[in-house]
Structure formats: C-alpha cells, structure tokens
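The values are calculated or read from the model by the stated rules, or taken from the named source; none is laboratory data. Every value quoted in this text rests on a predicted model; they were computed, and no experiment measured them. Neighbour counts are summed over all protein chains in view; Cβ atoms, including those assigned to glycine, are modelled from backbone coordinates with ideal geometry. Side chains included, ligands, DNA and RNA excluded: accessible areas come from the protein's heavy atoms. Shrake-Rupley method; radii C 1.70, N 1.55, O 1.52, S 1.80 Å.
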Amino acid sequence: MTLNLTFDSPESIPSEALAVVIYEGDRQEALLDRLDSLTGGLIGDLRRSGEASGKAFETALVHRPQGLAAPRLLLVGAGKPENFDAANLRKAAGTALRRLKEKGVHEFVFVASGPLPAPARVAAAAEGLVAADFEPDSYKTDKKDDKRIDRVAIAATREAGVEAALDRGVIVGEAQNFARALSNEPANLLTPKDLVARAEQMARESGLEIEVLDEARMRELGMGALLGVAQGSAEPPALIVLRYRPPEPPTSAVHLGLVGKAVTFDTGGISIKPADGMEKMKYDMAGGAGMIAVMRALAKLKPAVPVSAFVPTVENMPGSRAQRPGDIVTALSGKTVEVINTDAEGRLILADAITWARRQGATHLVDAATLTGAIVVALGYYNVGVFTNDQPFCDRLLASARDSGEKMWPMPLDDDYKEQLKSIIADLPNVGPRWGGAITAAMFLKEFAETTPWVHLDIAGTAWLEDARPYMPKGPTGVGVRTLIDLAMKMGAS
Ligand code: BES
Ligand code: ZN
Ligand code: ZN
C-alpha cells in the first residue's frame, strides 16, 4: 500500500471512495455541511435515520452519492467532537481502511479532518492507515488477493511540515507492523536463532550496529539468571544488542536503553502451564520484537540521542536439563535468586539484560515485557501497566503514550511490596505471594535497575488482541512501539 497527500477539495477527487469523519450531535465540520448540500441532503438523511449517528467507529457506506467525484461515500463515526483527538483520528482512518478493504475497494481518499494542526492530523491518519492494513494471515495459502488496498490519498490542508509528517507516520506504522509480524510467528519458525537472524537483517538494511552475545559469552560474563531459563531448551539463547548513534555528537550524556523480553515460547518450564491457551505463548517475545521495531524506526527518524536495544531471547522449555523449582542462580549483578517458579522466567532474563544495559552506559531504561497474567487481571486488555523508580522520567513516557494513542496506566511500586520478595536461602525469590503479582514482578526488576531511572511496561494484556476492533484485526498489536519512538524523538529534542 502506498500513501500520498492531496490538497484538492475532497468532493472533486476521482477515486473509488471518499471517506470522511462524522461526529455525534449537531456540531460538524464545515466540510460535512458542504458535502451535505452537494449530495442533496444525503448526510442529513443518514443522520436523521440513525444510520450515521457519528458513534465512535460506526460506519455508513453509500453508493452513487450525487455531486461527488467518487462513486462511494463512507462516513466514519468518531464520537463526540469535544473528545476528538489524534487517537480517534488514527482509529477512524484505520476503520475506514478496514471497512473499504472488506468491500473490495482498492484505492480511496481519507479526509484527515479535526481540530489539530495539519501535520499532526496527517501523521495520525498515516499511522492509523498503515497499522490497520496489517493482516495476521501470513501462512494462509488461499489468500484472497482481491481484498487489498493499493493506495490511499490523505486529504489535508497545505501547511508546513505535512510531507515530513506523512513520512514519519508511515515509518511509525510500519515499525508497529514489523513488531506485529514478528510476534505473530509461530515458535517453530521463530526460535531465538531466527530472531537473531531477523534482527541482523534489519540492522543491515537500516545501517544499525548489532552485537549478539552467544551462550559462551554470556557464561563468561556470568549471566546466570538468563542462562538458567535457557538450559531446558535445545535452542541456544542470545542477547541481541542494537545500537543507534545520532549523526551529530550528542550534547548531553543521555543514553536511552530499551530492554525487551523475547521468550520465543513459554511453556512455563518444569512449572509447566496448562494446555488451554498455551499456543498464545508464542507472543511472549512481543516486548523484544517491539524494541527491535523501535530501533528500525529510529534508524530512519534519527533522534539526537543515542539509543540501544537489549533483547534477551530464550525458549522456556521443560527439557531434561531444565532448571528446577528451588534452584539458585547468580545473576550478572551478583545477586542470587531462588527460582521458586520456572514460569516466572521473564524477570530472570530481563534482570541480566537490565544489568548489561546499565554496564553498557544506558542512563535511562525502559523495558517492555509480556510479564504477568496478573496485569491482565488488574487492567484487562486495554491498558499497559506502567511501573517506575523515577516519576519525572515516567511522566515523560506517559506523555508520549498519550500523544501516540497507546493507553498506559501507572501502577504502584513502593517499598512495602518488597516485603513480599523474601527468600530464606538467597537474596531474592523469583516470585512473591499470589496477590499483586504484576507489582512483585516489577519489584524484582527494580532490584536490577538499581539507581538508573527506569520504566517497566507490562504488556501481557495488550500485546495480543483477542477480538477484532473496527480498526485492527485480532492478533498481535505492536503495543509500545509508537510510544517509545515518540519518547526517543522527544528525548533527542530536549
Ligand atoms: N509469559 C507469562 C505471562 C503472560 C501471561 C503473558 C498471559 C501473556 C499472557 C509469564 O512468563 C508468566 O508465566 N508469568 C506467571 C508468573 C507467575 C508464575 C508468578 C504468571 O503470570 O502466571
Ligand atoms: Zn512464564
Ligand atoms: Zn513468559
């Protein structure tokens, strides 16, 4: 699919369909009044009949509207005008694409309207269109090629920066889809070795530096927490390190480190998971995939701050060499950990990756991980759980999340919870008691972030969509990618 900009008046652009946003209530944009009178009152009729109420992401498709160059008009509901923002525009654009694709349309015009400056509208529309075009059906052999969008023209006003905004929106949307494609891969076709190969290929194409720490090197360094998880699998583990350096030497000492959990399959190990739903554990590498995808985008967007990604990748299997509950491992930081539950493996591999990121000079850390079922209990499928040891840094990330339309919710992480992480034999157990499981998991990671400003994103509930939304199919979401690209760009700008 290619995207381009158009500054012509939408009613006069020849294309298969014209898609416009419509709000709930009487307050509409001037464009809608114009389209209403051009079409002989069609929009008013649709509104009065309730077919186009403006309710968020409801659509109405009309054929042969009079007075328009396009043979189809799609009205996309966007909710109340006072609530309309870039996030709604992103979803409205995505809804338009998915609806028209399903109808066999190949090419259309989307009007990026709304109260925001034109570059913000264009970027949001482009992101929404590119992300909505993702399909999780890569292994279907009878794909219907007629359901395909080839081209979308985004109609906007001619303002400075709109072209750059279009490029940025496409880069961000494609990064999100890159993460989704990786997360969607089954674990037999994406082992740790395969993930390394994908990261190497991406680095080569993007001009990023890559270093891969293999098992021998990790043993030499003393990454006992990570290696303990890997030892039950025939697939060797790796720690992928991707480095981006800005074109101009940076003026500040800030170095952003992105750490992403990449368990290519999580059986639970000896503390094995129930069979029901276990197939989903192929996406236990979504955090790592997201970080690799962020780096891909940053290589193109070139923020003025150095950024490195650290992606520990393992397969958590109950093989004959697997670690047992009760085993004690020594993490890279020197801390000893009693492995109470081998299914709490994410925190073990992240612990060593976080320590390595600090030793490699990261001054600010963000990790993303499908870490706990408990975060799904706490926040459901809509919000990422956010934990931190540094509120000002976290506030910057939350601002980026808002601007990127990714919902994230702050969770507590005060020292009271540390009481729940006590082992009588080692420095730390890898799990606490049942309640507050997402918080104890974060508390475990905090012990390894030490004094470095750090934010932890638990994406277990948000990295996979269980039910399709109008603007997104079921399957991997690529959550976190847009926010972290935005954060890196803003850290470079300040
Ligand atoms: N990968 C899982 C967490 C997960 C759950 C991801 C649901 C996506 C959807 C993680 O490694 C895990 O198994 N966590 C355990 C921790 C427990 C043993 C303390 C959990 O959440 O049950
Ligand atoms: Zn697990
Ligand atoms: Zn896991």
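Evaluate the Debye formula for the chain with equal point scatterers sitting on the alpha carbons, no solvent, and hand back log10 of I(q)/I(0) at q = 0.05, 0.06, 0.13 Å⁻¹, in q order, two decimals.
The calculated log intensity ratios at q = 0.05, 0.06, 0.13 Å⁻¹ are -0.20, -0.29, -1.14.
May I have the extent of the alpha carbons of the range 273-348 along their three principal axes, as whole Å values ordered from largest to smallest?
46, 36, 17 Å, listed from the longest principal axis down.
When only Cα pairs under 8 Å and 6 or more residues apart are kept, what is the percent relative contact order across the range 2-156?
Once normalised by length, the contact order is 31 percent.
Considering only C-alpha atoms, what is the centroid distance from the range 334-402 to the range 221-275, in Å?
Comparing the Cα centres of the range 334-402 and the range 221-275, I get a distance of 12 Å.
What size of dipole, in debye to the nearest 20, comes out for the range 266-330 about its Cα centre when the only charges are +1 on Lys and Arg C-beta atoms and -1 on Asp and Glu C-beta atoms?
The calculation lands at about 340 debye.
Which trypsin sites (Lys or Arg not before Pro) does the range 386-434 hold that lie in a coil by DSSP with at most 12 other beta carbons within 10 Å?
Sparse-neighbourhood loop trypsin sites (Lys or Arg not before Pro): LYS422, ARG434.
What number comes out for accessible area per residue over the range 247-340 if the probe is 1.4 Å? Units Å², please.
36
Would you please state which residues of the range 178-198 a label at TYR139 would reach in this model, taking the label point 7 Å out along Cα→Cβ and a backbone N cut-off of under 12 Å?
184-191
Can you put HIS63, HIS255, HIS456, HIS106 in order of accessible area, largest first, using a 1.4 Å probe?
HIS63, HIS106, HIS255, HIS456
Could you work out how far apart the two model spin labels at ASN188 and GLU200 are, taking each label as a point 7 Å from the Cα in the direction of the beta carbon, and quote it in nm?
Rounded to a tenth, the inter-label distance reads 2.4 nm.
Can you pull the percent of the range 213-276's accessible area that's carbon plus sulfur, 1.4 Å probe, other chains left in place?
That share works out to 55 percent.
Between SER494 and ASP167, what is the FRET efficiency for a Förster distance of 22 Å, r being their Cβ-Cβ separation, to the nearest 0.05?
The computed FRET efficiency comes out at 0.50.
Taking +1 at the Cβ of each Lys and Arg and -1 at the Cβ of each Asp and Glu, which of TRP454, ALA112, ALA86 sits farthest along the dipole of the chain towards its positive end, judged by Cα position relative to the Cα centre?
ALA112
So what is the relative contact order of the chain, in percent, for Cα pairs below 8 Å that sit 6 or more residues apart?
15
Among GLY228, ALA488, THR141, flag the residue with its Cα farthest along the positive direction of the charge dipole of the chain, charges on Cβ as +1 for Lys/Arg and -1 for Asp/Glu.
THR141
For the chain, with the dipole built from +1 on Lys and Arg beta-carbon atoms and -1 on Asp and Glu ones, taken about the Cα centre, which of VAL172, ILE349, SER423 lies farthest toward the positive end?
VAL172
Once you put a point 7 Å from the Cα of LEU38 and another 7 Å from the Cα of ARG148, both along the Cβ direction, what distance in nm separates them?
Modelled inter-label distance: 3.0 nm.
In whole percent, how big is the carbon plus sulfur part of the accessible area of the range 363-456, probe 1.4 Å, protein atoms only?
55
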